[in-house]
Amino acid sequence: MNKYIKFGITALMIAFGIYLMMNRNIGWGIVTVLFSSIPILLFFKNEYILLAFWFLRKQNMVKAANWLSKITNYKSQLHKSQYGYFHYLQGLTLAQDNPSKVEPYMKKALEYGLNMKHDRAMATLNIAAGAMQKGRRQEAQKLLEEAKKLDTAGMMTDQIKMLKDQLKMPSMQKHLHNPNMRQRGKFS
C-alpha cells in the first residue's frame, strides 16, 4: 500500500468520527478519532517491517523474509527513515543461507541510516565478515574496531572476538602448494 493512502484513511476516519459526534454518538466518535492515529503510526513505522522484526525476534527467517517480500517498491511504500531498516532486515534474513550476499545490503542500510547503535554495530560486523571472507583483512580489521566502538551494550563481544581470532589465523590460500612442486626451482 502506498504510504500516502494512509493519510487518506486517517482523514476519512477523522471525518467519520466528527460525523458520529455531531449525531450524538460522542463516545464512538472519540474512539474513531483515537483509532485514526493508527494509520499515522503505520506511516512512520511500516507494518511489514514491524512484522518482519517480530518474526526475526522469534528466529523465523522464512516468515520474516516473506513479510519483507511484500514490500515491492520500498521508496513508495516506506518513509525515508525506514529505508535503512528495510535493507538491514533483508541482509539479516539472507545471513544464514547466503552470507556472501549480505554485505551489499548492510552497506546500503548504513548509507540510509540506522537509528540504534547496536543495529549499526551489527551491520558493520556483517560487512567486516564479508570483507574477511573476500580476503580484505585490513578493511575487516578497521570495521571490527568500528563495530566494537558501536557495541556499547556489549551484545556482540563474542562475535567480534571470534572474527578477530579468525583474522589472526594465516590465510590458507597463500600456504597451499602442490607438494610435487616444492623442489623445483626456476631452471629445474
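Bear in mind that the values in this text are calculations on the coordinates, not laboratory data. Being a predicted model, the structure only gives us computed values, none of them experimental. With ideal geometry, Cβ positions are generated from the backbone for all residues, glycine too; neighbour counts draw on all protein chains shown.
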Legend entry - Table column - 3J(HN,Hα) (Hz), the range 15-32, Karplus curve with 6.51, -1.76, 1.60, x for Gly and Pro: 5, 5, x, 5, 4, 5, 5, 5, 9, 6, 10, 5, x, 5, x, 5, 4, 5
Inset, instruction - Please determine, in degrees from 0 to 90 and to the nearest 10, the orientation of helix 157-168 with respect to the longest principal axis defined by the Cα atoms of the chain, where the helix direction is its Cα long axis. - result: 30 degrees
Legend entry - Entry for percent of Cα pairs over 27 Å apart (calculated from the structure that is shown) out of [x] 45; [y] 27; [z] 49: [z]
Legend entry - Most mobile of 57, 137, 120 in a GNM of the chain (Cα contacts under 10 Å): 57
Legend entry - Vicinal HN-Hα couplings computed from phi for the range 39-44 (Karplus, 6.51 cos²θ - 1.76 cosθ + 1.60; Hz; Gly/Pro x): x, 5, 4, 6, 5, 8
Inset, instruction - Step through the residues of the range 109-122 one at a time and calculate ³J(HN,Hα) from phi using the Karplus curve (6.51 cos²θ - 1.76 cosθ + 1.60, θ = phi - 60°), rounding each to whole Hz and writing x for Gly and Pro. - result: 4, 6, 5, 6, x, 10, 6, 8, 5, 5, 5, 5, 5, 5
Legend entry - Angle in degrees between helix 47-57 and the longest Cα principal axis of the chain, rounded to the nearest 10: 50 degrees
Inset, instruction - Report the one residue of 132, 87, 7 whose Cα lies farthest in the direction of the positive end of the charge dipole of the chain (charges on C-beta: Lys and Arg +1, Asp and Glu -1; origin at the Cα centre). - result: 132
